Structures are given as structure tokens and as C-alpha cells.
Amino acid sequence: MHPFEQLQPPPPPLPSEQLEPQALQTLLDLITGVLSLLLLSSLTVRSFVGRWQVVQSKLCSLQCSLSSISESPHWNENSLLHTLFPSLLSTLQRLKALSDQCTLSSFTGGKLLMQSDLDMASSSLSNHLHDLDLLLRSGVLHQSNAIVLSHPGPDSDKDDLGFFIRDLFTRLQIGGIEFKKKALESLLQLLTDDEKSTVVVAKEGNVGYLITLLDVSNQPLIREKAVLAVSLLASSSEDSRRIVFEEGGLGPLLRILETGSVPLKEKAAIAVEAITADPENSWAISAYGGVWVLIEASRSGSQQTQTHAVGALRNVASVEDIRMALSEEGVIPVLLQLLVSGTTAAQEKAANCLSILASSGEYFHALIIQEKGLPRLMHLIQDLSSSDTIEHVLRTISSLSVADSVSRVLSSSTAFIIQLSEFIKHGNMILQQISASLLSKLSVSDGNKRAISSCMGSLVKLMESPKPVGLQEAAAQAIVSLLTVRSNRKELVRDEKSVMRLVQMLDPKNAAVSKKLPLMVVTTVLGGGSDGCRKRLAAAGANKHLQSLAEMEVAGAKKALQRLAGNRLKSIFSRTWRE
């Protein structure tokens, strides 16, 4: 028996253990000695020659890799070699024993057993080659662990940070459970402490391998940490999110969202929402069969899972093909339920998703109405505290209002009309615009118009606001609708600020407002023939601006001027008749 066959490698050390550099050198010398003998004996085998030719090719590659490692300045400081070398030596010794049997003039052992042993040893050798090649390509053997491997701070040099990340991913791919666990812990600490590091991690690390750890076959703790790492990468930056998607992360994340534990589902939902925020990625939800998964997570998941799952639904709702799948899987009742029972964030996202679907046409209008969505939405705007959520709910109601049946319900609801008035007076610009636009389209009764006359001053003020686009016109149309009631016309002209604003908007020098809008309002105010209205507008200086606009042939100016001068013309005619 050859003396090398009697050598037994030391058991692989735990990650916390460190072999002395001299001991690691001894291991390398042993490996090199066995490898030299193997290269010679593999040339003289008489049995299974084809298999040995494959092994010999791998042994030549191994010789090159070991040579490169020994030439690296800091190779004996790397703890991964403390695990790799003993295992490699064991494989080579096994191959040496097999080669001795195959060099005999006549092989008398079991051929199938020998073939199996050779294949297993050859496969182990391939794994070792892969790990050594990965270690060499990472570049971690060229820098001292003692200097660099302390956890990098926010001000760390980019080169040191890159080295640290490459070392982490090398340990993650080569090491055993303990190495993987410690590598993931360091990666999570880095991603948590420094959001900017995600770009470097995505560039320098092997995100594709990290995604393979999401598979259910992996050790639970490893899988849990990997899910959290992928979630942080997906939700931290555009570049890292793109790489997670390109490396195939969406499919495994959806599977976790479907079958994982509650904590894993929550992390997966965060990542899926982040990935689908990019419109170019949204289509893939359908390709992975994720529509049902997202709807189910929104229906029955934990509050955090629901919040992010419905966020993903909102992200994909703009894709036409996915919209149809959403309707088929029953998304409408789930969204309506979340509007009532979800967290504040879930309510806002559900309302947004519903408004997107409602804006897509009559098909979704019918679905929402069928689920008794209209009365629920009308009730919600009185209870919700988030202006963003109210905005989306109002947009949905506005989309539904194109249906005659919905318009009649809205027009006859005093509570709803008064709520619109409150939004006009006290809401943000967007709420004011949607409310004014909706109010102008409804057939509101005179009684309800009188009930909300207090919002007319706010509407006049909104006519001065050039942004958002469409606000001025919506405000003007709403106030014209309210001015069809005589008492409202009188009330408006008694408001000096509103009258002055209207007159200032008529000024040809005021370019911020299209003249057709104040002309439309003034003409309506004067339409009732009230002397009081004419006197107040004339006293505020409307005559001068209307005269200028009429001379400029601005549409509607002549008509407004004639109405403003109505009582004066009557006096002239009366005096002429008496004379």
C-alpha cells in the first residue's frame, strides 16, 4: 500500500476555528503530492480508460488552480481553504485508491460498483474545482483578511467594500451551513446599515446564487435570511431591483408568497411590490401565475402581507391583459373589503387600484356596481382620514358617474353633495379639482345648490390657480352650475373678495386665466336681470375690462357687457320716451 493512502486528513474545522498557516501549507503539500502520483497513475490504468481520461483532465485543471492559489499573497489567511483542503485531500486519496485497482492487469472487482465509485469521486472533484475557481475569481486571496474583513462602515473605500462583498458571496457559495449563515448575517447587516451598499452588492455579489437559496429545499434559517436579503435588495434601489428581476427572483418570491410562513410571506410581498413598481416587470406577474397569488395574499394574508400584496396589484392593474385576469380571479370584492378593514396604507393602495380599474371602462364599472361598491364608496369618503385614499375613492366615483343610474344616485344624495362642498372648501388642490369637476357634471337640485352656496367663494378662488391643469375650468363650470339659483347669484355678489377676484380675472393684462372662464361666470351672474348684481360688478370696475375685451373681440365679452349695461340702457330709453 502506498504511504499516501494511509494518510487521513484532519476533520474540517468549524468556521470559528483557524488552522495555523503552517498547517495549511502542510495540507497543500500533501494534496500536491497525491495529485502528482494520481496524474502518473491515471496514465497507466487498464480498466475504465474513458472515465479516467475525464478524471485526468480535471486533475490537470486542479493542478493549475492549486498553483494559482499558492502564488496568491494571502491564500493561507483564507478560512474557506481550511474547509476545502481537507475535503479535497480526502477525494484525491479516494481516487488514488481507485486508480491502483484499475492499473492491475486484470480487474476482478464488481464493474458496476467501480463505475459508481469513479463517477462519485469524479463528481466530488468537479465540485472542488468549481469552489476553487470561484475562490480564485473572487480575488479575495489577493488581499489580507486581517486588514479588510472587518465590517465596512458608511465611509469605507469602494474597493474595500467590493472586496468585503465578494468575500461574503464566496463564503456563501463555497462554505457549509455555518459559513452561509454567517455570510448572510454580515450581508443583512450591511444592507440594513447602509442603503447605498445595495448597488455595490448587486454589482459585486452573485444575486443569482442568493435567489437559489429561496428554494424550499434549503435549510429554513438560511432560506429565511436569504428572503430578507432579496427583499432588501429589491426594495432599496432601482439597479438592485432590476438585477433581482433579471436573475429570476420574481417566480421564487411568488411561490414563497403562496406557500411560505407568515414572516417569509411578508418579506416576499415587500419584494414583489418593489419589483412590480417597474412597469417593464409588471407583465411577468401573469407569466408566473402570480395574479391569483397576489389576490389571495390580499384577501387572507397578515396585515403587512395584505398591504404589500395589494400594492403589487395596484402596480400591475394598468396592464390590460392582467386587468382581465384580475377581474376573473375576483379582485373587486377583495379591494372593497380592504377599503373597510385594511391598514391605512392598504386602504390607500386598494383605493388606487380600484380607481385604475374603474378608469378603464364600462366593464369594470359594471363589476363595481354589481358588488354594491357605490354606496360603500360614498360612505367611505365621510370616514376616511387619508386625503390620498379619499382622492382615489373620489376618482373611482367620478369614473362610475358616467353611468346614468350612478349619476342619479349621486345627484340625489344631499350628504354626498355637501361632502363635495367640504372638499372644495377645505381639501387639497387635487380633491378640490375632482370635487368641482364631479359637482359640475351632476344634476343637483336647487335645494342642494342652495345648501352648498358657501363653497362658491372657494370655487372663485380656485379659478385663479393655473395648476393642476384643468382646475380652473372645473371650478368655473361648478360655480356656473350653482349660479342657476337666484339666491346664489345674490350671495356671490355680496362677497366682495369673490367679486374683486372675478373682475381681476377679466383684466386683459391678467394672462394667468383664460378670459372665457370669468366671462362665463359673470354672464351667468348677470343672467337673472338683477340690478343689485349689475351695480356691484360695475362698482368693482367690471365695465372697463369688459369694454376692452369686447373691443378685442373676445368671445362672450359683448354679451356680458350688454347685460352689465342693461339698466342704464333702460333709463336712456325711458327718458327718451318721456321727452
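The values are calculated or read from the model by the stated rules, or taken from the named source; none is laboratory data. Everything numeric here is computed off the predicted structure, so don't read it as measured data. Quick reminder, even Gly has a Cβ in these numbers, built from the backbone with ideal geometry, and neighbours come from all protein chains shown. Keep in mind that these areas ignore ligands, DNA and RNA; they rest on the heavy atoms of the full protein, side chains included. Shrake-Rupley method; radii C 1.70, N 1.55, O 1.52, S 1.80 Å.
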Alpha carbon centre of segment 172-192 versus segment 29-80: separation in Å? 29 Å
Quickly rank 120-128, 309-317 as a protection proxy: mean count of other C-beta atoms within 10 Å, highest first. 309-317, 120-128
Based on the alpha carbon coordinates of the chain, what radius of gyration and maximum Cα-Cα distance (Dmax) apply, in Å? 38.7, 148
Using a 1.4 Å probe on the protein heavy atoms, what percent of the accessible area of the chain belongs to carbon and sulfur? 51 percent
P(r) of segment 214-342 over all Cα-Cα pairs, 5 Å bins starting at 0, rounded to whole percent, reads 2, 12, 24, 24, 21, 11, 5, 1
Setting aside same-chain residues fewer than 8 positions from K490, which lysines have a Cα under 17 Å from its Cα? K449, K535
Ranked highest first by average number of other Cβ atoms within 10 Å, how do 414-427, 268-281 line up? 268-281, 414-427
Can you spot the lysines whose alpha carbon is less than 21 Å from K509's alpha carbon? Ignore those fewer than 8 places along the same chain. K461, K467, K497, K544, K558, K559
Quick one: if you take sqrt(5λ) for each eigenvalue of the C-alpha gyration tensor of segment 370-424, what semi-axes come out, biggest first, whole angstrom? 17, 13, 10
From the phi of every residue in segment 47-54, what ³J(HN,Hα) in whole Hz does the Karplus formula 6.51 cos²θ - 1.76 cosθ + 1.60 yield, where θ is phi - 60° and glycine or proline is x? 10, 6, 4, x, 5, 6, 5, 5
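Which net charge results when you count Lys and Arg as +1 and Asp and Glu as -1 among the other residues whose beta-carbon is under 10 Å from that of E273?
Values: positive: R314, K349; negative: none.
Residues close to E273 contribute a combined charge of +2.
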Please compute the net charge surrounding L80, taking Lys and Arg as +1 and Asp and Glu as -1 over other residues with Cβ under 11 Å from its Cβ. -2
Taking the alpha-carbon distance from K182 and a cut-off under 15 Å, which aspartates and glutamates remain once sequence neighbours fewer than 8 residues away in the same chain are dropped? E17, D167, E224
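Of all the C-alpha pairs in segment 261-412, what % are more than 19 Å from each other? Before the final figure, lay out each step's value.
Numbers: 5590 of 11476 pairs.
So the pairs more than 19 Å apart make up 49 percent of the total in segment 261-412.
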Considering the convex hull of the alpha carbon atoms of segment 455-578, report its projected area averaged over all viewing directions, in nm², one decimal. 7.6 nm²
Which whole-Hz ³J(HN,Hα) couplings does segment 304-312 yield from phi under the Karplus relation 6.51 cos²θ - 1.76 cosθ + 1.60, θ = phi - 60°, glycine and proline marked x? 5, 4, 4, 4, 7, 5, 5, x, 5
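Give me the accessible area per residue for the chain, probe 1.4 Å, as a whole number in Å².
Details: 26790 Å² over 579 residues.
For the chain, the per-residue accessible area is 46 Å².
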Scalar couplings 3J(HN,Hα) for segment 423-440 by Karplus 6.51 cos²θ - 1.76 cosθ + 1.60 (θ = phi - 60°), nearest whole Hz, x for Gly and Pro, are 5, 5, 7, 10, x, 6, 4, 5, 4, 4, 5, 4, 5, 5, 5, 5, 4, 5
